[in-house]
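Here the structure comes first, spelled out in structure tokens, and everything after it is commentary.
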Amino acid sequence: MTIPLFDTTTPLAPLRENILIRIGEVVGRGAFILGPEVDAFEREFAEYLGVEHVVGVANGTDAITIALRALGVQPGDEVVVPSFTFYATAEAVVTAGATPVFCDVDYDTRNVTPDTVRPALSSRTKAIVAVDLFGCPAPATELRALGLPILEDAAQAAGASVDGRKAGALGDVATFSFYPSKNLGCFGDGGAIATDDENIAELARALRFHGSRDKKTFDYVGYNSRLDEVQAAILRMLLRHLDEWSDGRRAAAAAYAQAGVGEHVTLPVVPHGAQPAWHLYVVTHPHADALLAELRVREIQSRAYYRTPLHRQPAMAPYVGDGLSLPVTDELARTNLALPMSPVLGADSAERVAAVLAAGA
């Protein structure tokens, strides 16, 4: 039997009947854009995160673009971003009119730190994007000491926390993706912006609706980027299970450790006080591609992530200076592999993965 990289079916199975009922209620109501379900989800997600404001948008990429503009990022500004992350993080910076400046990451946690960010700072730096990569929170508190606004890209980290504070409440503003495979995923595209700053939230709400606060006067050139009622209704139901599912993901990571996976590959390091949500469980090995092939033969789904990091992507070439060296990023890109991860991955599956790694390492 195949062990899937993501198992989104099993956790949702007992909820499907009620989800279909809720979708039917939305359809029966006939309000599909920025209605009561979006309002309710924004309130409930804000309460869950422990922030004052949540603004629902169409997807996680738009969330970053709009959040950057709400922070005051303008053309000519620079925004520091890690190179070892998904393309959308830097793409959104360019869409906002700014220049992405790529920095390295910490090998153990895969996240940016003050030490990796400092070499990328300049007098034009307007903000720092701290990605909670693979569901492990970045050190936003330490990054704040650099004196610049922190945008926490929490797309992979719904359900994670640091010292009791939820991912999404760690920076000046945070962004989420609700893509179906995410820890909190809807049945299509969706995203959100979270912040304690009323001015950021107000501007984000205007920007998501063509730059208008009242649908009549247009103060900005904005976006058509709104979380819809059907997805909000689904997210409201799934949010009730997010902590349970996050506990299941942490239990799966513990099962990997108990099965001895760390004897064959290098495991990610959990920062002090952090409770990762493990959207992905990414390990490293000098011969990662060989292990990927062996896992595939044994019907264990696995995948390499970001083999070509952002500073080596063709579209980002105009923003990369000569001689940029990001050695940790390049090493992680070459040696990483993601093992199966889900809220329902049990000890038997972890032991099966460990056995294949032991044979192939």
One residue is enough: does the stretch 210-228 have a residue meeting the conditions polar (S, T, N, Q) and in contact (Cβ under 8 Å) with a residue 12 or more places away in the chain?
yes
With the condition kept exactly as written, say whether any residue in the stretch 300-315 is over 23 Å from the mean Cα position of the chain (by Cα) and among the basic types (Lys, Arg).
no
Exactly one of Leu238, Leu207 is touching a residue at least 12 places away in the same chain (Cβ under 8 Å), surrounded by fewer than 22 Cβ atoms within 10 Å (Cβ to Cβ) and in a helix (DSSP H, G or I), and that one is Leu238
Quick one: Asp243 ticks every box in (1) surrounded by 18 or more Cβ atoms within 10 Å (Cβ to Cβ); (2) under 18 Å from Val344 (Cα atoms) bar one, so which box is it?
(1)
Any residue in the stretch 274-303 that is closer than 30 Å to Ala169 by Cβ sitting within a Cβ distance under 6 Å of a residue that is basic (Lys, Arg)? List the pairs, counting only those 6 or more apart or interchain.
Ala277/Arg249; Trp278/Arg249
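Kindly indicate whether Val265 is buried (at least 19 other Cβ atoms within 10 Å of the Cβ), over 26 Å from Thr9 (Cα atoms), touching a Leu at 6+ places or on another chain (Cβ under 8 Å) and assigned by TED's automatic domain parsing to the domain that holds Arg303.
Working: buried (at least 19 other Cβ atoms within 10 Å of the Cβ): yes; over 26 Å from Thr9 (Cα atoms): yes; touching a Leu at 6+ places or on another chain (Cβ under 8 Å): yes; assigned by TED's automatic domain parsing to the domain that holds Arg303: yes.
Yes.
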From the options Asp104, Asp108, residue that is within 23 Å of Ala304 (Cα to Cα), surrounded by fewer than 17 Cβ atoms within 10 Å (Cβ to Cβ), over 15 Å from the mean Cα position of the chain (by Cα) and not small (Gly, Ala, Ser):
Asp108
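Within the stretch 76-95, track down each residue that is surrounded by fewer than 24 Cβ atoms within 10 Å (Cβ to Cβ), at pLDDT 95 or above and assigned to a loop (DSSP other than H, G, I, E, B). Reasoning before the result, please.
Initially, the stretch 76-95 is screened for residues surrounded by fewer than 24 Cβ atoms within 10 Å (Cβ to Cβ), giving 76-78, 86-88, 91, 94-95.
Cutting the leftovers down to at pLDDT 95 or above gives us 77-78, 86-88, 91, 94-95.
If the condition is that a residue be surrounded by fewer than 24 Cβ atoms within 10 Å (Cβ to Cβ), at pLDDT 95 or above and assigned to a loop (DSSP other than H, G, I, E, B), then Asp77, Phe86, Tyr87 are the ones that fit.
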The residue from Ala293, Ala333 that alone is surrounded by fewer than 16 Cβ atoms within 10 Å (Cβ to Cβ), among the small types (Gly, Ala, Ser) and in a helix (DSSP H, G or I) is Ala293
Please find, within the stretch 37-90, the residue that is nearest to Ala233 (Cα to Cα) out of those that are among the polar types (S, T, N, Q) and within 19 Å of the chain's Cα centre (by Cα).
Asn59
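The values are calculated or read from the model by the stated rules, or taken from the named source; none is laboratory data. Every value quoted in this text rests on a predicted model; they were computed, and no experiment measured them. Reconstructed Cβ throughout: ideal geometry from the backbone, glycine too, with neighbour counts over all protein chains shown.
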